[in-house]
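> I am attaching a structure below and will ask some questions about it afterwards.
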Amino acid sequence: MAELITIARPYAQAIFSLAQDEGDLKGWSDMLAFAATVASDPDMAALLDNPRVERHQTVTIFLDVCGERLNAGAKNTIRVLAENNRLELLPEIADLYEVERAAAEGTLRAEVTSARSLSDAQKKAIASALTKRLGRKVTLDCKIDEKLIGGAIIRAGDVVIDGSVVGKLDRLSHQLLR
């Protein structure tokens with residue numbers, strides 16, 4: 001996994017630089033997300049891995065599937081990725097691009113996994129606390145995992161806060177075993 005990210009990073013940085021020059025960070029986010037979805041499709045992934053299909057055919061099919069959802073710059077990006085046999089990296093490139101975009105915009109996406117759905121007040125309180133702690137505007141992606149029993153796990157960049165009941169029980173068992 002780390003190798004894919006290492007390979008994808010220069011592409012994401014180059015695309016981000018292009019998007020900044022064009023002043024269209026959001027547009028490129030949308031185009032990359034769509035292209036990543038196309039590349040992740042099982043049928044498209046099989047086509048990309050098929051050695052019998054020539055590279056130019058793959059590009060033509062890929063761009064036909066994308067249609068008008070990509071601008072000229074994005075279509076050229078797809079061609080470059082195809083020439084270097086890197087189309088399968090589009091999901092990683094899109095993720096890394098979003099990290100670059102968030103850093104440039106001073107925002108951060110945090111993933112909150114809780115045992116039960118959070119109220120709007122709880123979401124606001126968590127976002128506010130994270131914004132204060134991390135010094136960046138935080139937006140939340142909320143998920144539910146009933147296996148946590150209670151509490152929540154928050155992942156924001158390199159910060160992980162485990163306030164789940166399962167996490168607390170796990171820490172307690174490690175302390176008791178020492």
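> State which entries of K124/K147; K26/K75; K132/K168 exceed 22 angstrom in Cα-Cα distance in the structure shown.
Table pairs above 22 Å Cα-Cα are K124/K147; K132/K168.
> If you don't mind, there's one more thing I want to ask. DSSP beta bridges in the chain, what fraction antiparallel, as a percent rounded to 5?
Among the beta bridges of the chain, antiparallel pairing accounts for roughly 55 percent.
> State the answer as a single residue: which of A104, G73, L176 lies farthest towards the positive end of the charge dipole of the chain, with beta carbon charges of +1 for Lys and Arg and -1 for Asp and Glu, about the Cα centre.
L176
> With +1 on each Lys and Arg Cβ and -1 on each Asp and Glu Cβ, how big is the dipole of the stretch 50-98 about its Cα centre, in debye rounded to the nearest 20?
220
> Continuing with the same structure: Once the Cα atoms of helix 90-105 and of the chain are each reduced to a long axis, what angle between those two axes, in degrees from 0 to 90 to the nearest 10, is obtained?
60
> Nearest 500 deg cm²/dmol is fine: what mean residue ellipticity at 222 nm does the chain get from its DSSP H runs of n ≥ 4 alone, each adding -39,500 (n - 2.57), divided by its residue count?
Counting only the DSSP helices, I get -20500 deg cm²/dmol.
> Let's see if you can work this out: charge +1 on each Lys and Arg Cβ, -1 on each Asp and Glu Cβ, no other charges. What is the dipole magnitude of the chain about its Cα centre, in debye to the nearest 20?
Here the size comes out at about 960 debye.
> Taking just the alpha-carbon atoms of the stretch 107-177, what radius of gyration and Dmax come out, in angstrom?
Values for the stretch 107-177 (Cα only, Rg and Dmax): 12.8, 41 Å.
> When a/c is below 1.5 the answer is rounded, else prolate if a/b is larger than b/c, else oblate, so apply that to the stretch 1-70 with a ≥ b ≥ c taken from the square roots of the Cα gyration tensor eigenvalues.
oblate
> Determine the dipole magnitude for the stretch 2-102: charges of +1 sit on the beta-carbon of Lys and Arg, -1 on that of Asp and Glu, nothing else is charged, the reference point is the Cα centre, and the result goes in debye to the nearest 20.
180
> Report the antiparallel proportion of the DSSP beta bridges in the stretch 107-177 as a percent, rounded to a multiple of 5.
55
> Additional query: Hey, what does the equivalent ellipsoid look like for the stretch 62-132, semi-axes from the Cα gyration tensor as sqrt of 5 times each eigenvalue, largest first, whole Å?
The three semi-axes for the stretch 62-132 are 36, 14, 12 Å.
> Quick check on the chain: what are the equivalent-ellipsoid semi-axes from the Cα gyration tensor, as sqrt(5λ), descending, whole Å?
Computed over the chain, the values are 37, 20, 15 Å.
A short reminder: the numbers here are calculations on the coordinates, not readings from a lab. Here the structure is a predicted model, which means the values were calculated and not measured. Virtual Cβ from ideal backbone geometry, glycine too; neighbours counted across all protein chains shown.
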